[in-house]
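J.: I'd like to ask you about the structure that follows.
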Amino acid sequence: MGDAHVESVRLSAWVHGYVQGVGFRWWARSRALALGLVGHATNARDGRVHVVAEGPRPGCEMLLDLLRSGDTPGRVDVVVESWEPARGDLSGFEER
């Protein structure tokens, strides 16, 4: 089954565009859970959505690709992401 140790990472993605009030956080949550990730999707005051996801890097990269796919609710203009090591302080996936 390949490498027993898959690196766990934390993806922080700021999603810019028309992404509030359109079911975007629910959509992001369902995709993240399907990928086995934990984290949250949070509406920011300035209209962006902040998606934080933790889990194996391939799953996080797939979620990032989905955020940029054009198949999301609303309209995504740009996604600004950053990566860091997983902190292990998340469980489940919340809409905030």
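Throughout, read-outs are computed from the coordinates displayed, never taken from laboratory work. All values reported here derive from a predicted model rather than from experimental measurement. Note: ideal-geometry Cβ built from the backbone for every residue, glycine included; neighbour counts use all protein chains shown.
J.: If you wrap a convex hull around the C-alpha atoms of the chain and split its volume per residue, what is the figure in Å³?
T.: In the chain, the Cα convex hull volume per residue is 95 Å³.
J.: Which order do T72, T42 fall in if you start with the one that has the fewest other Cβ atoms within 10 Å?
T.: T42, T72
J.: A further question follows. So for R25, R31, fewest C-beta neighbours within 10 Å to most, what's the order?
T.: R31, R25
J.: Another question, then. Based solely on its DSSP helices, what 222 nm [θ] is calculated for the chain when runs of n ≥ 4 H residues each add -39,500 (n - 2.57) and the sum is averaged over all residues, nearest 500 deg cm²/dmol?
T.: -7000 deg cm²/dmol
J.: Quick check: net charge around E84, other residues with Cβ under 15 Å of its Cβ, Lys/Arg +1 and Asp/Glu -1?
T.: -2
J.: If you place +1 on the Cβ of every Lys and Arg, -1 on the Cβ of every Asp and Glu, and leave all else neutral, what size is the dipole of the chain about its Cα centre, to the nearest 20 Debye?
T.: Dipole magnitude for the chain comes out near 320 debye.
J.: For the chain, find the longest principal axis of its Cα atoms and tell me its angle to the long axis of helix 57-67, 0 to 90°, nearest 10.
T.: Here the helix axis deviates by roughly 10 degrees.
J.: Given N43, G59, S8, which one lies farthest toward the positive end of the charge dipole of the chain, if we put +1 on the Cβ of every Lys and Arg and -1 on the Cβ of every Asp and Glu?
T.: N43
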